[in-house]
1. So, with a 1.4 angstrom probe, what is the percent of accessible area on the chain that is carbon and sulfur?
2. Using every Cα-Cα pair within the chain, state what percent have a distance larger than 26 Å.
3. When the distances between all Cα atoms of region 59-120 are binned every 5 Å from zero, what whole-number percent does each bin get?
4. If you line up the long axis of helix 68-118 against the longest principal axis of the chain, both from Cα atoms, how many degrees apart are they, to the nearest 10?
5. Once the other residues with Cβ under 11 Å from the Cβ of LEU89 are scored (Lys, Arg +1; Asp, Glu -1), what is the net sum?
6. With the other protein chains left in place, how much accessible area per residue, in square angstrom, belongs to the chain at a 1.4 angstrom probe?
7. Could you work out [θ]222 nm for the chain from helices alone, using -39500 (n - 2.57) per DSSP H run of at least four and dividing by all its residues? Round to the nearest 500 deg cm²/dmol.
8. Quick one: if the Förster radius is 25 Å, what FRET efficiency do ILE48 and ALA72 give, using the C-beta to C-beta distance and rounding to 0.05?
Amino acid sequence: MMRKSPTHPDQLPLGFGKDAEIERIIEARVAIRAEAEAIRWRFRLMVIETILLTSLVIVTGLMLHQPPMLIARGAVLIGATCLSTGLLLILLTGLTGKCLSALRTWKAWRSNLLAAWKRP
């Protein structure tokens, strides 16, 4: 048989009973941070894409010897369109995630309600 060694008075007591609660708190914080990082990365990607397409229009216009005002107008149009559609895509992605989360919550609530009703 193994004997439990006595703890030293200077040693902090370990509370293993609170592991589930601590784990839940940590997971919630990590999920919030990951969601914020995901939104930031989507926005960065959208900005990089906008800059790339705008510069591509400028370079193409210069290579084809187009008038500068035509190049500027095309670049502004492409940049604004790309930026607005990117923002719209990020917004729709966020709304879809919120709707799916609400749907999952509603389904869980509904199944718990039906399970309680079916019990004798």
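1. Values: 7810 of 11120 Å².
Roughly 70 percent of what the probe reaches on the chain is carbon or sulfur.
2. Working: 4285 of 7140 pairs.
Counting pairs separated by more than 26 Å, the tail of P(r) holds 60 percent.
3. 3, 15, 11, 10, 8, 8, 8, 6, 7, 5, 5, 4, 4, 3, 2, 1, 0
4. Result, in degrees: 30.
5. Its environment carries a net charge of 0.
6. Values: 11120 Å² over 120 residues.
Result: 93 Å² of accessible area for each residue.
7. On the way: 2 runs with 96 residues, N = 120.
Theoretical 222 nm ellipticity from helices: -30000 deg cm²/dmol.
8. Numbers: r = 21 Å, r/R0 = 0.84.
Given R0 = 25 Å and the Cβ-Cβ separation, E is 0.75.
The values are calculated or read from the model by the stated rules, or taken from the named source; none is laboratory data. All figures in this text were calculated on a predicted structure; none of them were measured in a lab. When we count neighbours, we look across all protein chains shown, and the Cβ atoms used for this are built from the backbone with ideal geometry, even at glycine. SASA here: full protein model, heavy atoms, side chains in, ligands and nucleic acids out. Shrake-Rupley method; radii C 1.70, N 1.55, O 1.52, S 1.80 Å.
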